[in-house]
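Student: Next up is a structure, given as structure tokens.
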Amino acid sequence: MKNCYQQLLSDVINHYQTDVLNGLSYKEAKKRLASQGLNKTPKTITKSLVTIFIDQYKNYLSYILFGAAGIIFLSGAHSDAFIILGILLLNGIVGTVQEERITAIFRRMESFKKDDSMVIREGKKQVILDELLVEGDIVFLSEGNQVPADARIIDAYDFCVDESILTGESKPILKIAADIDQELPLYQQVNMVFAESVVASGIAKVLIVATGKRTERGMTYEIMDRLSAEVPLEKDIEHILKVLLIIITGICFVLLAIGLLTGKPFGQLLASITALFICIVPQGLPVIMTVVLVSGAYTVARKHIFVKKLQALETFGRTQVIIFDKTGTLTLNELMVTSCMAGKVEYKVTGSGYFKEGFVLSAATEEKVVKPSEDLLIMGHASLLLNGADISFNQQKGIYTVKGSSIEAALKVYAEKLGLDETVLTGIYKQHYEIPFHADTQFHAGFYEKDGQGIGLTVGSPEKLFEYGKHTVEQRNFFEKLVTSGLRAVAVIKTEYDVNIIPQDPEKQKEFFLNTLQQKTVVVGVFGITDSLRKESSSIIDQMHAAGIKVVMATGDHASTALYLAKSAHIATQEDELMEGDFLRSLSDDDLEKYLNKTTVFSRTVPTDKLRLVQLFQKQGLIVTMIGDGVNDAPALKAAHIGIAMGDTGSEITKQVSSIILLDNSFGNILMGIKEGRHSFLSFKRVILYYFTINFAELLVMAFMIAFAFPLPLIASQILWLNLMTDGFLDYALALEKEEPHLLDKSWFSYNKSLLTKELIYRIFYQAIITTSSVLAIFFYYHSKHDIVLARTMAMATFTVCHAFTALNCRSLHLSLFSLSFFSNKWLVASFGAIIIIFLSILYLPFGQKLFDVVPLLPVHWALLAVIGIGLMCLEELRKFLARRFLFFVDDSFKSE
């Protein structure tokens, strides 16, 4: 239907043949899904293998190498030119395979994250996946939701939507249920909401009018390639490579000039320098880094951690401060009303979590309440009427899952234990107005007409509602007892008003009902709600402390409740580690910074407090991870180095701005994510160490021989063989090395402050000098005793052996090679097997001997090569031993490795 916003609402409803009260039937929804397709928009390009292959050559390096191959061919060195082209072809194939693997992993990762919405079908509210929505569905939206498709508003209360994803304007727009008869641009269509915009406040009932590609967002989607858009770390590495490319190109031109001045043949010299250029420029490094990140992201995805931005995983591993609220992380997030006070009478509530089995008992007699008091019933009525939670049972896991507020879910279960029915109540109470919950007001209010009388019901924070309503000493004492015991407290107030004086103007209505809250209002009662601490919480916090991470709890709970749980979870041990929100807000930034080292618990905080804490910790040079789920947590999540949103209970806007989504809300998985991040970081260092060690050695050898007018120790084809080892086999195998132990030890930070540390540079020089000395010594010895062909064969073989043993040495930056199982890295085993087969073919098959200009080696040669390789390994083992013993680790567990 075109221009839905201009049509009468009744006409829109008729066009889509739906029922605003009961929604579509299951049969009709299934029929429409089959004809309309899934509610999805195309967000990425699916590239063919041919396109991916061609993309491997769209860079300056490839252009230079193709040009050099052409010059070499014209100079007469045809075989060298074809070898260079062959290496370029092989590199393109390897890059294509790796990129296709990355894309496949991304597709699998996307399956871990599914968005859903609350819809009504056949008169029943239920939660379904967004992709299953069809035109004509009736959907309920509330603060924090992402709009799943284009829709016309049926009813709305204080409903504002952020449409910046469509308009670029971040200011929330007030939306209303109204008929419009004039033509308006998108941003002025106030009776419509559009896919992927986010609800900033309020609630609404909407009618879906367009899904998938037919939505405004679907028709105008700017297609993006995720791999290039979300990997700034890869871009940083490419920037480094461009600088290296300029430097190496300059060196190669200098070597070429020196070689020509010393009388070396132009064709052979150019081919060798071109091959050296190919070999020492680590063009495969960005792809390898992406492989590391994607593999790590897929590993954590299987543990229900969805990494939206790849580079976030590596940063996550270097987290030094974690800030979070307790709900759903430290606690089970299975809230249950365990006690309440209605009027002046105290009651107990039995049961477990969200299971409906249980009773309301008199606290005095422990007898089941058969005939609830009026106050108990009113508390139950408010619990059901002011409730947007949906509770469903997961048959496979045997647990209940909640869509919406976990507190509202607990109140709904309480009301059902009283025997109340939501359908019956909505028929008795005719709603006039609703004030949705907001972090600033801390309450949710509804105003109804019952038997001709106006009645207002409000559920919210006792501290706030006690200001509005008259309450008893008993209720105040009961509230204080709850918070000192670590329970959550929720109050219910009741007010009465005259239904005949309600203003018709929407703005005046809002003012009228807000004023009503402060007149003739009484506190009906207070709920005590338990959210049990996860059994593993204290152990996880202990592990985080051991990993050198400061854990900070910033919660909206009462100070006593916050401190009770913080002590139970080992976050805090003393009262002076607590700071209340009012005191926090009274401090300047400079004064607050003085408290950050010792304060671990912040109570009664508001979202701006969390943002301020994130920024102050960052000001101290610390890497901060923020965990949040509410709409108002979005600024702090966005400001933190790593923002983590809750998958089950998090609002859509927090999921949008976050870099990681915790799909199952498990705090323990955060620790696993940090561990994987540290592993990825070490994998980067491992590959960088290997790349620069072998490339620097090759550059030193060739530069020395050309600068001092010695014969070239390697010709182009031999250098390109070394490049194949580096960029095709061993680098990839090292990137996929298994995790090292002690990744979660505090001392990890002492030697991993950056990728390229002084210690790593020393190691590069150390191993490169050993390799360079070995190759030069072997070449000069055999050149003096034998012909140039055997000397070059031995130089090539020495480099090959040193490459292999350098890869073994780089498997761990600090642990002894003998503490690692050779077969624990299947990729390394496969790479060594392939290298051995190919190298033996080069040496002993006539075709290989001719192509690479080599001669077969005798057993005595292999014995000498074995001594060189083992010597390189032993010297590196000695360096590691001395480093472990005297330089780096203070933890005895490292020294014993």
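Student: More than 30 Å from Phe478 (Cα to Cα) and either without any contact (Cβ under 8 Å) to a residue 24 or more places away in the chain or of a type in the set (Gly, Ala, Ser) (or both): is that true of Gly351 in this structure?
Tutor: On the way: more than 30 Å from Phe478 (Cα to Cα): no; either without any contact (Cβ under 8 Å) to a residue 24 or more places away in the chain or of a type in the set (Gly, Ala, Ser) (or both): yes.
The answer is no for Gly351.
Student: Among Val206, Val254, which is modelled with pLDDT of 80 or more, assigned to a strand (DSSP E or B) and not assigned by TED's automatic domain parsing to the domain that holds Gln311?
Tutor: Just one listed residue meets the conditions, Val206.
Student: Now for a separate question. Tell me yes or no: at least one residue of region 657-664 is among the acidic types (Asp, Glu) and modelled with pLDDT of 80 or more. Write out each step before concluding.
Tutor: To start, the set of residues in region 657-664 that are among the acidic types (Asp, Glu) comprises 664.
Then drop every residue that is not modelled with pLDDT of 80 or more, which leaves none.
So far as region 657-664 goes, no, none of its residues is among the acidic types (Asp, Glu) and modelled with pLDDT of 80 or more.
Student: Let me ask you something else. With respect to Thr319, is the statement that it is in a loop (DSSP other than H, G, I, E, B) and touching a His at 6+ places or on another chain (Cβ under 9 Å) true?
Tutor: Details: in a loop (DSSP other than H, G, I, E, B): yes; touching a His at 6+ places or on another chain (Cβ under 9 Å): yes.
Yes, satisfied.
Student: Considering only residues that are touching a Lys or Arg at 6+ places or on another chain (Cβ under 8 Å) and among the hydrophobic types (A, V, I, L, M, F, W, C), look in region 15-42 and name the one that is surrounded by the fewest Cβ atoms within 10 Å (Cβ to Cβ).
Tutor: Among residues in region 15-42 that are touching a Lys or Arg at 6+ places or on another chain (Cβ under 8 Å) and among the hydrophobic types (A, V, I, L, M, F, W, C), the one surrounded by the fewest Cβ atoms within 10 Å (Cβ to Cβ) is Val20.
Student: Further, regarding this structure: Check Glu474 against each of (1) farther than 17 Å from Tyr347 by Cβ; (2) more than 44 Å from the chain's Cα centre (by Cα); (3) not in a strand (DSSP E or B) and name the one condition it does not meet.
Tutor: (1)
Student: While we're looking at this one, here's another question. Being touching a helix residue (DSSP H, G or I) at 6+ places or on another chain (Cβ under 7 Å) and either assigned to a helix (DSSP H, G or I) or of a type in the set (Phe, Trp, Tyr) (or both) is the filter here, so list the residues in region 850-870 that pass it.
Tutor: The answer is Leu851, Phe852, His861, Leu865, Ile868, Gly869.
Student: Continuing with the same structure: What residue, of Ala554, Ala559, Ala547, Ala566, is farther than 27 Å from Leu411 by Cβ and either of a type in the set (Gly, Ala, Ser) or at pLDDT 90 or above (or both)?
Tutor: Ala547
Student: So which residues in region 477-503 are more than 24 Å from Ser406 (Cβ to Cβ), touching a residue at least 40 places away in the same chain (Cβ under 8 Å) and assigned to a helix (DSSP H, G or I)?
Tutor: Once the filter is applied, which keeps residues that are more than 24 Å from Ser406 (Cβ to Cβ), touching a residue at least 40 places away in the same chain (Cβ under 8 Å) and assigned to a helix (DSSP H, G or I), region 477-503 yields only Val499.
Student: Against the condition at pLDDT 90 or above, among the acidic types (Asp, Glu) and not in a strand (DSSP E or B), how does Glu463 come out, does it pass?
Tutor: Working: at pLDDT 90 or above: no; among the acidic types (Asp, Glu): yes; not in a strand (DSSP E or B): yes.
No: the conditions fail for Glu463.
Student: Of all residues in region 320-355, how many are loosely packed, with under 15 Cβ neighbours inside 10 Å, charged (D, E, K, R) and either within 30 Å of Asn597 (Cα to Cα) or under 36 Å from the mean Cα position of the chain (by Cα) (or both)?
Tutor: 0
Student: If you go through region 102-111 one residue at a time, do you hit one that is assigned to a loop (DSSP other than H, G, I, E, B) and either out of contact with any strand residue (DSSP E or B) (no Cβ under 9 Å at 6 or more places or on another chain) or at pLDDT below 75 (or both)?
Tutor: yes
Student: Scanning region 497-523 for residues that are of a type in the set (D, E, K, R) and in contact with a strand residue (DSSP E or B) (Cβ under 8 Å, 6 or more places away or on another chain), which turns out surrounded by the most Cβ atoms within 10 Å (Cβ to Cβ)?
Tutor: Among them, the one singled out is Lys510.
Student: Identify all residues within region 11-44 that are among the small types (Gly, Ala, Ser) and farther than 13 Å from Val206 by Cα; write none if there are none.
Tutor: Our first condition is that a residue be among the small types (Gly, Ala, Ser); within region 11-44, this holds for 23, 25, 29, 34-35, 37.
Those that are among the small types (Gly, Ala, Ser) and farther than 13 Å from Val206 by Cα: Ser25, Ala29, Ala34, Ser35, Gly37.
Student: Hey, any hits in region 415-435 for a residue that's within 32 Å of the chain's Cα centre (by Cα), modelled with pLDDT under 90 and of a type in the set (A, V, I, L, M)?
Tutor: To start, the set of residues in region 415-435 that are within 32 Å of the chain's Cα centre (by Cα) comprises none.
No: zero hits.
Student: Could you check Thr426 against (1) surrounded by 17 or more Cβ atoms within 10 Å (Cβ to Cβ); (2) touching a residue at least 40 places away in the same chain (Cβ under 8 Å); (3) not in a strand (DSSP E or B) and say which number it fails?
Tutor: It is condition (1) that Thr426 fails.
Student: Out of curiosity, is Ile627 modelled with pLDDT under 90 and surrounded by fewer than 24 Cβ atoms within 10 Å (Cβ to Cβ)?
Tutor: Working: modelled with pLDDT under 90: yes; surrounded by fewer than 24 Cβ atoms within 10 Å (Cβ to Cβ): no.
Taking the combined requirement at face value, the residue does not satisfy it.
Student: Residue check: is Gly351 at pLDDT 85 or above, at positive phi and small (Gly, Ala, Ser)?
Tutor: yes
Student: Still on this model: Return a yes/no flag: does region 531-538 have any residue that is more than 21 Å from Leu361 (Cβ to Cβ), assigned to a helix (DSSP H, G or I) and at pLDDT below 90.
Tutor: Yes, some residue in region 531-538 is more than 21 Å from Leu361 (Cβ to Cβ), assigned to a helix (DSSP H, G or I) and at pLDDT below 90.
The values are calculated or read from the model by the stated rules, or taken from the named source; none is laboratory data. Given the structure is predicted, the values throughout are model-derived calculations rather than measurements. Every residue, glycine among them, receives a Cβ derived from its backbone with ideal geometry; neighbour counts consider all protein chains shown.
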